[in-house]
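Structure first, commentary second.
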Amino acid sequence: MKAVRFHRYGDIDVLGVEDVAPRPLGPRDVLVRVRAAGINPGEAKIRTGALHDRFPAAFPSGQGSDLAGTVTATGTAVSGWVPGDPVLGWSWERSSHAEYVVVPADQLVRKPDGLPWTAAGALYVAGSTAWAAVAAVGPRAGETVVVSGATGGVGSLAVQLLRLRRAHVVAIASARHQDWLESQGATLVGYGSRIAERLRRTIEGDGGGTAHAFLDFHGDDYPRIALRLGVPPHRVNTLDHDAAAALGTRSWGSPEGTGPAVLRELAELAAAGRIEVPISRTHPLTEVRAAFAHLEHDHPLGKVVLVPDATPAEPGHHR
């Protein structure tokens, strides 16, 4: 099969697509033909070596956690899955950016009929992280929740999960995504200088409003800004674990949201149209470098997805 590999830490130029064999099928494993697999900022940081202390790579390294596809074969102890079943799930072996992937059967859920393949294949990392972050701060109806990085893969889902809880969202994001945020009922505060002051003015408005909770998917100084706005530490959640440890905030993410029940809930919400999984672009495996260049440099709305069966786009065109 074709699979993404890199043999050393570095920029996107270390990524390649190679012929490899899937790992052997264990008794509780399922072989899935991958139809779609999202890419994530954390994978880029692993590739550069920025996360070496926490998530070291063993070379040659595969890549990818998100996946959706069809069951091709099952191990001898697997029940409940048969070849042809449509599934979505996750790999903890950095192996889903490939034509086929072997994963334990309990890391899969059935893909609902109304859920497109690209959305299904983009759901695990962003969805589990957004679900956990929202759960960490316990938003209530009518409360104001600030979200930094509100239009990335995680932030765009968190904004919608907050809407389902009838919270009011103040979204820190690029102004070019204002239309999408307004369609979700969120109020935009654009990136730029004096962000804390502009946030305070927006939140207080004419009625002296209060920021009740803060979800940080961007990093930098946002956890400290949240505390300066008067948000209690236990209602601030950041993906910056060092900042959380220093400031006493929460740092729930994908590990706290990982499990079949959560993924099934998110898939059903997306299939029913209650949440959207925004897809910025899709790329075939052979365009993995272009996919990560778009993710890392263009700050896209939502997710970028690899589609192994796709043919390369014409120069200058993207799906």
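Below are the figures for this structure:
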item	result
Probe 1.4 Å - accessible area at Trp252, Å² to nearest ten	90
Inter-label distance, nm, simple model (7 Å from Cα along the C-beta direction), Ala196/Arg54	2.4
Vicinal HN-Hα couplings computed from phi for the range 165-176 (Karplus, 6.51 cos²θ - 1.76 cosθ + 1.60; Hz; Gly/Pro x)	8, 6, 7, 8, 9, 9, 9, 8, 6, 5, 5, 5
Solvent accessible area, Å² - Thr118, 1.4 Å probe, full protein context	40
FRET efficiency, 1/(1 + (r/R0)^6) with R0 41 Å, evaluated for Arg163 and Trp92 via beta carbons	0.85
Cβ-Cβ FRET estimate between Asp106 and Arg140, R0 fixed at 30 Å, reported to 0.05	0.35
Spin-label pair Glu268/Asp11, simplified geometry with 7 Å Cα→Cβ offset, distance in nm	4.7
Heavy-atom accessible area per residue - the chain, 1.4 Å, Å²	43
Extent along principal axes [Cα atoms of the range 203-245; Å; largest to smallest]	35, 18, 13
For the chain: relative contact order, % (alpha-carbon pairs under 8 angstrom, 6 or more apart)	20
Cα convex hull of the chain - mean projected area over all directions, nm²	16.3
Whole-percent carbon and sulfur share, accessible surface of the range 219-268, 1.4 Å	51
Candidates Arg250, Arg54, Arg198: whichever shows maximal mean-square fluctuation once the chain is modelled as a Gaussian network with Cα springs under 10 Å	Arg54
Contour excess over end-to-end distance, with Cα ends at Leu25 and Glu204 and 0.36 nm allotted per residue	58.7 nm
Paramagnetic reach from Ala293 in the range 1-42 [backbone N under 13 Å; point 7 Å along Cα→Cβ]	12-15
Long-range amide H partners of Ala36 with built H, under 5 Å	Ala68
Estimated inter-spin distance, Glu18 and Asp221, nm [label 7 Å along Cα→Cβ]	4.4
Phi to ³J(HN,Hα) by Karplus 6.51 cos²θ - 1.76 cosθ + 1.60 over the range 135-146, Hz, x for Gly, Pro	4, 4, 9, x, x, 10, 4, x, 6, 9, 10, 8
Accessible surface, 1.4 Å probe, highest first, among residues Asp242, Asp309	Asp242, Asp309
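The values are calculated or read from the model by the stated rules, or taken from the named source; none is laboratory data. Just so it is clear, the model here is predicted, and its values are computed rather than measured. Note: ideal-geometry Cβ built from the backbone for every residue, glycine included; neighbour counts use all protein chains shown. These accessible areas exclude ligands, DNA and RNA; they are computed on the full protein's heavy atoms, side chains included. Shrake-Rupley method; radii C 1.70, N 1.55, O 1.52, S 1.80 Å.
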